[in-house]
């Protein structure tokens, strides 16, 4: 006797649900990896800017007053290919300026999420004198 088979078996449903769950986990992991890469790319750029700022002082400048990315590129402390506008990993800008204390320099990134700002602050906890996050802008003071 032949039976008409209608619907899915329990095993088929379990298999489909398992596959969907694995795909969702893979998507979640990929998102975390991308954000981690963005944070580390931004941290490397901040380190590059800090090194350029320190070279600016080592070249005989007494304070950071007047420091700019364009000036650092002209003096060859930063590569000419470094782009400040729209180039950070979140599509925002990099900026560098003298702090209210002219013996310190502020390095800022715009369009940064609060989570990414928190991770950046943790990465620079031992080297920056302070970090700040306000209105999607993260700043480290060196």
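All of the numbers you see were taken from the coordinates with simple rules; none came from a lab. Everything numeric in this text was worked out from a predicted model, so none of it was measured. Here the Cβ positions follow ideal geometry from the backbone for every residue, glycine too, while neighbour counts run over all protein chains shown.
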Name the most mobile residue of 43, 58, 97, meaning the one with the largest mean-square fluctuation, in a Gaussian network model of the chain with Cα contacts below 10 Å.
-> 58
Quick one: among 23, 123, 13, which has the greatest mean-square fluctuation in a GNM of the chain with alpha-carbon springs under 10 angstrom?
-> 13
Gaussian network model of the chain, springs between alpha carbon atoms under 10 Å - residue of 18, 129, 45 with greatest fluctuation | 18
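Can you give the FRET efficiency for residue 18 and residue 54, using 1/(1 + (r/R0)^6), R0 = 41 Å, r = Cβ-Cβ distance, to the nearest 0.05?
Values: r = 54 Å, r/R0 = 1.32.
After rounding to 0.05, the efficiency reads 0.15.
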In percent, how large is the relative contact order of the chain, given Cα pairs closer than 8 Å and 6 or more residues apart?
-> 17
Distance from the Cα centre of segment 50-76 to that of segment 103-139, in angstrom?
-> 20
Acute angle (nearest 10 degrees) that the helix 10-58 long axis makes with the longest principal axis of the chain, alpha-carbon atoms = 10
With Cα coordinates, the longest principal axis of the chain makes an angle with the long axis of helix 114-123, in degrees rounded to 10, of 60
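Could you list 139, 110, 85 in order of exposure, starting from the residue whose Cβ has the fewest other Cβ atoms within 10 Å? Before the final figure, lay out the partial values.
On the way: 139 22, 110 18, 85 11.
Starting with the residue having the fewest Cβ neighbours, the order is 85, 110, 139.
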So the FRET efficiency between residue 37 and residue 11, C-beta based with R0 = 30 Å and rounded to 0.05, is 0.15
If you look at just the Cα atoms of the chain, how large are its Rg and its Dmax in Å?
-> 24.1, 97
Within 10 Å of each residue's Cβ, count the other Cβ atoms and sort 114, 35 from fewest upward.
-> 114, 35
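Just the number, please: Stokes-Einstein D of segment 76-142 in µm²/s, Kirkwood Rh from C-alpha pairs, 4 °C, 1.567 mPa s. Intermediate results must be reported in sequence, preceding the final value.
Values: Rh = 12.4 Å.
Translational diffusion coefficient: 104 µm²/s.
Determine, for 34, 104, the number of other Cβ atoms within 10 Å of each Cβ, and report the residues in order from fewest to most.
Values: 34 11, 104 16.
Ordered from fewest to most neighbouring Cβ atoms within 10 Å, 34, 104 come out as 34, 104.
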